[in-house]
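Asks: Can you keep this structure in mind? I'll have questions shortly.
The values are calculated or read from the model by the stated rules, or taken from the named source; none is laboratory data. Nothing here was measured: the structure is a model prediction, and the numbers come from that model. With ideal geometry, Cβ positions are generated from the backbone for all residues, glycine too; neighbour counts draw on all protein chains shown. The area values use the complete protein model at the heavy-atom level, side chains included, leaving out ligands, DNA and RNA. Shrake-Rupley method; radii C 1.70, N 1.55, O 1.52, S 1.80 Å.
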Amino acid sequence: MPELLIELFSEEIPARMQQKAAEDLRQMVTNALVEAGLTYEGAQAHGGARRLVLSVEGLDAKAADVNEERKGPRVDAPQPAIDGFLKSTGLTLPQLKVQDDKKGQFYIAMIRKPGRGAPEIIAEVVPDTIRKFPWPKSMRWGSGTLRWVRPLHSIICTFDGEVVPFEIEGIRSGNVTRGHRFMGSQHIEVRRFEDYAQKLARAFVIVDAATRVETIRTEARNLAFAQGLELIEDEGLLKETAGLVEWPVVLMGQFDESFLAVPPEVIATSIKNHQKCFALRNAVTGKLANRYLLVSNLVAKDGGKTIIAGNNKVIAARLSDAKFFWDQDRKVRLEDWAKKLDAITFHAKLGNQGERVRHIASLAGEIAQLIKSDPKKAVDAALLAKADLVTGMVGEFPELQGLMGRYYALAEHIEAEVADAVRDHYKPVGPSDSIPSSPTGLALALADKIDTLVCFFAIAEEPTGSKDPYALRRAALGVIRQILESDLRLNLVDLLQAQYDRRNAGQFDPSLSPGGFRAKPVASTNLRLFNFFIERLKVYLRDKGARHDLIDAVIALGHQDDLVLIVNRVEALSRFLETDDGKNLLSGVKRASNILRIEEKKDGRSYDGDVNISQLIKGEEKALHTAITQAVGQARRALREEDFEGAMAAIARLRGPVDAFFEHVTVNDKDATFRENRLRLLNHIRAATAEVADFSRIEG
């Protein structure tokens with residue numbers, strides 16, 4: 001089957017853009033081909049330092065013919081109208097069909113349009129794709145108007161081995177590419193992807209990004225192993241370096257051992273950020289080694305000695321800067337660094353970082369008491385948590401915030417649990433990150449995130465659609481994970497209220513705080529924020545495999561702000577509904593609810609009154625009433641002890657009486673008194689099951 005090969009060759013494409021650009025190229029071209037009537041078997045796209053490549057296999061050589069039916073004028077229309085229609089269709093009158101319509105007889109033209117050849121379509125699709133390509137950033141060069149990420153030099157476009165001719169901004173399509181900038185041929189003729197990839201490999205270019213990644217990974221591990229070292233894996237750096245080179249060559253450099261006095265994370269971050277190098281550790285001790293790995297784009301004649309020497313020199317300078325920051329920062333105590341936070345604005349409407357830290361400290365102490373931790377440790381950790389933001393090291397490497405606070409705290413002989421809490425208070429920073437391991441860390445991390453959420457909701461800066469500039473969804477999910485994974489029994493609404501009140505005492509009152517603001521009313525703010533937590537909880541539980549309808553059924557009961565309790569109810573309800581009793585009871589409750597809804601709507605009233613026992617004349621309705629009374633009492637006792645399985649078991653005992661009631665009792669009795677009493681009994685069924693969940697929200 002014919003194959004389409006496209007290569008867009010340019011100056012160096014930023015590594016962070018390559019993967020998405022390759023996927024955009026694939027989607028834009030294949031979508032356009034399909035819209036034009038061509039089908040294909042498969043497509044693969046590749047991104048590299050200097051080229052985007054697309055291969056579309058099994059592409060039709062020609063689009064299918066199209067039959068178009070076009071309605072014309074009435075048969076008794078004026079002759080000029082008929083002549084105009086004939087002219088537009090290119091047909092003669094005998095070639096038209098006559099079709100009856102409600103409004104009379106009309107001429108119908110059956111027009112057959114032959115499908116266009118693939119080369120003709122491709123010659124339109126590729127230039128259009130290039131002009132509309134969605135680079136995050138692009139540029140113009142020379143006197144042309146074409147925009148590309150970097151100057152575009154050449155275009156390969158072949159179909160079934162032959163060049164598809166077109167021209168864009170003076171660049172003509174062809175079948176010639178270039179190999180490695182320094183080691184490969186600068187004139188390589190290709191026809192299809194197979195010989196394209198093979199010829200480029202001989203010209204020191206690996207087209208496939210995944211192959212470059214694995215080449216770097218394998219060479220790095222082998223080189224480290226040979227020296228008794230281990231590679232500190234960094235998937236992001238692997239992909240980035242694979243995007244910087246076309247022919248990866250891994251080399252090992254080293255730096256002076258004196259730099260190992262600097263925290264290992266600082267060294268690894270410095271050589272990664274500045275030189276895109278990998279850190280290594282001793283395979284036996286696990287400690288950072290004074291060696292590193294770099295990825296060159298060149299097979300050097302001297303074995304890479306010159307390249308290594310150059311990198312050693314640059315890394316020595318970078319690590320000297322890091323050591324300077326490390327030494328200078330430790331000359332100032334953390335509590336003195338923290339005082340400088342008063343001069344750092346947190347948000348124009350929310351005051352400075354110093355004020356924020358003091359509010360977080362108050363909340364952290366309160367949470368520590370609730371979770372049986374040491375309030376003093378939590379407060380001490382909170383007051384130091386943001387201090388490293390104004391240090392030289394964090395100014396150079398913002399990603400080390402929190403971590404450097406821990407190192408500086410330990411250097412001052414501050415208790416390890418407090419120091420660890422300073423490091424961990426940003427946790428979890430993503431779905432794969434762990435939560436703080438200590439109670440002090442938990443209290444501080446919760447306080448930090450709750451304060452952030454309360455503040456931004458108070459000034460109506462909550463997330464909208466896909467926009468979440470303050471990462472509030474992540475903060476809420478972090479609170480949820482910490483509470484659930486640590487099994488913390490917290491009254492979330494009370495905590496939100498307490499922090500709002502604490503903030504509102506000054507920060508939220510425009511008359512008391514310069515640059516303050518008018519916060520939303522407390523009830524409105526906390527209701528919106530709690531609902532936001534509930535929505536995040538639903539997302540979290542759905543990701544864990546929980547049914548969305550069961551979550552809604554439990555949350556619909558209201559008056560629940562204990563997240564652990566909500567989750568336990570959902571899990572118990574899920575297990576209950578997997579049993580035969582659960583499934584059958586759900587069916588019976590839904591039947592009762594449906595009858596009630598219909599009758600209440602018809603009568604214009606509700607049937608929520610007490611059941612008149614004297615009017616229960618059939619054995620089945622008497623048995624059901626007794627069963628409901630017993631089940632409700634048992635369920636409530638179980639719920640008070642948080643025995644959700646027991647509560648479900650109590651409700652499950654209604655299955656038999658409910659089935660018997662519907663089988664032997666007519667609800668809509670001719671006697672209005674009996675009818676009303678039985679409808680109230682149905683309402684009692686609904687109310688009984690509502691002790692554990694709102695069954696009307698459960699599917700099935």
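Asks: Remind me, relative contact order of the chain in percent, using alpha carbon pairs under 8 angstrom and six or more residues apart?
Replies: 7
Asks: With each pseudo-label sitting 7 Å past Cα toward Cβ, what's the H187-E57 distance in nm, one decimal?
Replies: The modelled label-to-label distance comes out at 3.2 nm.
Asks: Still on this model: To the nearest 20 debye, what is the magnitude of the charge dipole of the chain about its Cα centre, counting +1 on the Cβ of each Lys and Arg and -1 on the Cβ of each Asp and Glu? Write down the numbers at each step before the final one.
Replies: Working: 96 positive and 98 negative charges, 231 e Å.
Taking the Cα centre of the chain as origin, the dipole is about 1100 debye.
Asks: Taking a label point 7 Å from the Cα of D433 along the Cα→Cβ vector, which residues of segment 245-280 have an amide N closer than 17 Å to it?
Replies: Those under the cut-off are 265-266, 269.
Asks: Right, next: Take the solvent-accessible surface of the protein heavy atoms, probe 1.4 Å, and return the percent of it on segment 573-700 that carbon and sulfur atoms account for. Intermediate values should be presented prior to the final figure.
Replies: Numbers: 2970 of 6630 Å².
Taking all protein chains in place, segment 573-700 shows 45 percent carbon and sulfur surface.
Asks: Given a 1.4 angstrom probe, I'd like the percentage of the accessible area of segment 410-503 that is carbon and sulfur, rounded to a whole number. Could the numbers behind the result be given before it?
Replies: Details: 1830 of 3550 Å².
Its accessible area is 52 percent carbon and sulfur atoms.
Asks: Quick check on the chain: of the DSSP beta bridges with both residues there, what percent are antiparallel, nearest 5%? Working shown, then result.
Replies: On the way: 55 of 57 bridges.
Counting only bridges with both partners in the chain, antiparallel ones make up about 95 percent.
Asks: Loop only per DSSP, at most 10 neighbouring Cβ atoms within 10 Å: give me the trypsin sites (Lys or Arg not before Pro) in segment 659-700, ordered by residue number. Present the calculation step by step, with values, prior to reporting the outcome.
Replies: Working: sites: K670, R675, R678, R680, R686, R697; in loops: K670.
The qualifying sites are K670.
Asks: Charges at C-beta only: +1 for Lys and Arg, -1 for Asp and Glu. How large is the resulting dipole of segment 531-575 about its Cα centre, in Debye rounded to 20? Mind showing how you got there, number by number?
Replies: On the way: 7 positive and 7 negative charges, 35 e Å.
About 160 debye.
Asks: Tell me, what is the FRET efficiency for F530 and D643 to the nearest 0.05, using R0 = 30 angstrom and their Cβ-Cβ distance as r?
Replies: Numbers: r = 26 Å, r/R0 = 0.87.
So, using R0 = 30 Å, E works out to roughly 0.70.
Asks: So, in nm, how far is label Q95 from label F324 when the simple model puts each one 7 Å beyond its Cα toward the Cβ?
Replies: 8.3
Asks: Taking the Cβ of L577 as the centre, find all other residues whose Cβ is under 14 Å away and add up their charges (Lys, Arg: +1; Asp, Glu: -1).
Replies: Result for the neighbourhood of L577: -2.
Asks: Right, something else. Sticking with the crude label model, points 7 Å out along Cα→Cβ, report the distance from V539 to K331 in nm, one decimal please.
Replies: Each label point is offset 7 Å from its Cα along the Cβ direction, giving 4.6 nm.
Asks: When we measure straight from the Cα of K622, which lysines land under 28 angstrom away, once same-chain ones fewer than 8 places off are left out?
Replies: In chain and number order, the partners are K583, K590, K601, K602, K670.
Asks: Taking segment 38-102, which trypsin sites (Lys or Arg not before Pro) meet the DSSP loop condition and have no more than 16 other C-beta atoms within 10 Å? Working shown, then result.
Replies: Working: sites: R50, R51, K62, R70, K71, R74, K87, K97, K102; in loops: R50, K102.
Sites meeting the loop and neighbour criteria: K102.
Asks: Let me ask another. Calculated from the structure, percent of Cα pairs over 50 Å apart equals which of (1) 25; (2) 44; (3) 30?
Replies: (2)
Asks: Give me the net charge for the shell around V394: Cβ to Cβ below 11 angstrom, other residues only, Lys and Arg +1, Asp and Glu -1.
Replies: On the way: positive: K386; negative: D329, D388, E396, E399.
Overall, the nearby charge balance is -3.
Asks: Net charge around V56, counting only other residues with Cβ within less than 12 Å of its Cβ (Lys, Arg = +1; Asp, Glu = -1)?
Replies: That sum, taken over residues with Cβ under 12 Å, equals -3.
Asks: Which of the residue pairs K132/K467; K20/K467; K287/K449; K20/K538; K239/K340 have a Cα-Cα distance greater than 27 Å in the structure shown? Could the numbers behind the result be given before it?
Replies: Details: K132/K467 25 Å; K20/K467 21 Å; K287/K449 33 Å; K20/K538 31 Å; K239/K340 39 Å.
K287/K449; K20/K538; K239/K340, as the Cα separations exceed 27 Å there.
Asks: Excluding residues fewer than 8 places away in the same chain, name every one of the lysines whose C-alpha is closer than 19 Å to that of K62.
Replies: K113
Asks: I would also like to ask the following. Which of the listed residues, Q79, W135, I156, is farthest toward the dipole's positive end in segment 78-166, when Lys, Arg count +1 and Asp, Glu count -1 at the beta-carbon?
Replies: The listed residue farthest towards the positive side: W135.
Asks: Measure off, as a whole percent, the carbon and sulfur share of the 1.4 Å-probe accessible area of segment 1-57, all protein chains present.
Replies: Details: 1010 of 2160 Å².
Answer for segment 1-57: carbon and sulfur cover 47 percent of the accessible area.
Asks: Taking only protein heavy atoms into account and a 1.4 Å probe, give the accessible area per residue of the chain in Å².
Replies: On the way: 33620 Å² over 700 residues.
Per residue, the chain has 48 Å² of solvent-accessible surface.
Asks: Are there any trypsin sites (Lys or Arg not before Pro) in segment 590-642 that are in a DSSP loop and have at most 14 other Cβ atoms within 10 Å? List them by number.
Replies: On the way: sites: K590, R591, R597, K601, K602, R605, K618, K622, R636, R637, R640; in loops: R605, K618.
The qualifying sites are R605.
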